[in-house]
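Student: Have a look at this one before I ask anything.
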Amino acid sequence: RAGDRVGEGEVIAALEDSDLTLERLRWTTERQQRQIEYDRAFAARDRSALATSRSQIDEAEAQIKLVDEQLSRLQLKAPFDALVTAGDLSQSIGAVVSRGTTLFELAPLDAYRVTLAVDQSQIGDVQLGQAGSALFAAVPDQAFPFVVDKITPVAEAREGHTVFRVEGSLTGAPERLRPGMDGVAKIEVEQ
């Protein structure tokens with residue numbers, strides 16, 4: 001659930017595997033049948049049947065490897081130590097999940113990113129590598145330094161203003177910050 005902490009490699013969700021398990025069993029049976037045909041062709045010294053059976057065995061083994069790979073992806077593991085910011089699947093147990101559906105959103109515990117909305121009249125003064133500081137409403141007594149990493153060249157309309165998205169990385173590991181905090185930031189530019 002949102003707000004939970006997860007460790008790197010920790011399983012955060014598991015998908016149903018019965019369909020894939022049955023498919024793997026089907027391909028395993030197919031491989032065994034083709035192996036029997038291969039052994040018969042080998043005993044009869046029938047080279048054409050031998051080649052056909054070998055290719056069918058190879059196909060079955062490739063399908064088994066594919067299903068095994070799909071089975072290994074059914075457990076969703078946290079890629080890093082993180083805080084779950086979105087995704088409560090406790091009400092979705094047994095529900096169908098479509099490919100491409102966002103199940104969880106994770107935020108790293110030690111590498112936050114600051115996202116700024118810079119007015120179009122001031123975006124010309126902002127450059128990569130500039131330093132700045134941010135004050136957050138939840139922590140108004142402490143300024144957090146950051147460095148500008150990315151300037152998105154696409155304008156957005158927000159609250160009657162045209163703004164550009166600027167991203168920066170915080171210097172240091174601020175313990176008091178949490179994902180989604182709002183505040184005000186200043187970027188140091190020339191006069």
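Student: How many residues does the range 11-37 contain that are touching a residue at least 60 places away in the same chain (Cβ under 8 Å) and exposed (fewer than 12 other Cβ atoms within 10 Å of the Cβ)?
Tutor: Residues that pass the stated criteria total 2.
Student: Is it the case that the range 129-139 has a residue that's in contact with a strand residue (DSSP E or B) (Cβ under 7 Å, 6 or more places away or on another chain), without any contact (Cβ under 8 Å) to a residue 60 or more places away in the chain and under 29 Å from K77 (Cα atoms)?
Tutor: No, the range 129-139 contains no residue that is in contact with a strand residue (DSSP E or B) (Cβ under 7 Å, 6 or more places away or on another chain), without any contact (Cβ under 8 Å) to a residue 60 or more places away in the chain and under 29 Å from K77 (Cα atoms).
Student: Let me ask another. What pairs come up if the first residue lies in the range 41-66 and is more than 14 Å from L25 (Cα to Cα), the second is of a type outside the set (G, A, S) and not in a helix (DSSP H, G or I), and their beta carbons are under 8 Å apart, counting only those six or more places apart or on different chains?
Tutor: Final answer for the pair search is none.
Student: Let me ask something else about it. In the list L128, L116, L135, which residue meets the criterion of being of a type in the set (A, V, I, L, M), open to solvent by 50 Å² or more (accessible area, probe 1.4 Å) and in contact with a Lys or Arg (Cβ under 8 Å, 6 or more places away or on another chain)?
Tutor: Criteria check complete, one pass: L128.
Student: Of the numbered conditions (1) in contact with a strand residue (DSSP E or B) (Cβ under 8 Å, 6 or more places away or on another chain); (2) farther than 30 Å from A78 by Cβ, Q122 satisfies every one except a single condition; which is it?
Tutor: (1)
Student: Mind checking which residues of the range 71-88 are in a loop (DSSP other than H, G, I, E, B) and open to solvent by 60 Å² or more (accessible area, probe 1.4 Å)? Please lay out each step first, then the result.
Tutor: Restricting attention to the range 71-88, the residues satisfying the condition of being in a loop (DSSP other than H, G, I, E, B) are 73-74, 78-81, 87-88.
Hits for the range 71-88 are R73, P79, F80, D81, D88.
Student: Going by what's in this entry, would I64 be described as of a type in the set (A, V, I, L, M, F, W, C) and assigned to a helix (DSSP H, G or I)?
Tutor: yes
Student: Looking at (1) at pLDDT below 80; (2) in contact with an Asp or Glu (Cβ under 6 Å, 6 or more places away or on another chain); (3) closer than 30 Å to D17 by Cβ, which one does L89 not meet, given that it meets all the others?
Tutor: Of everything listed in (1) at pLDDT below 80; (2) in contact with an Asp or Glu (Cβ under 6 Å, 6 or more places away or on another chain); (3) closer than 30 Å to D17 by Cβ, L89 misses just condition (2).
Student: Please find, within the range 42-93, the residue that is farthest from Y112 (Cα to Cα) out of those that are under 37 Å from the mean Cα position of the chain (by Cα) and β-branched (V, I, T).
Tutor: Among them, the one singled out is I57.
Student: Residues of the range 162-182 being loosely packed, with under 12 Cβ neighbours inside 10 Å and either farther than 19 Å from D81 by Cα or in contact with a helix residue (DSSP H, G or I) (Cβ under 6 Å, 6 or more places away or on another chain) (or both), which ones?
Tutor: D182
The values are calculated or read from the model by the stated rules, or taken from the named source; none is laboratory data. All figures in this text were calculated on a predicted structure; none of them were measured in a lab. So basically every Cβ, Gly included, is an ideal-geometry build from the backbone, and we count neighbours across all protein chains shown. Each accessible area value is taken on the protein alone, full model and side chains, heavy atoms only, with ligands, DNA and RNA left out. Shrake-Rupley method; radii C 1.70, N 1.55, O 1.52, S 1.80 Å.
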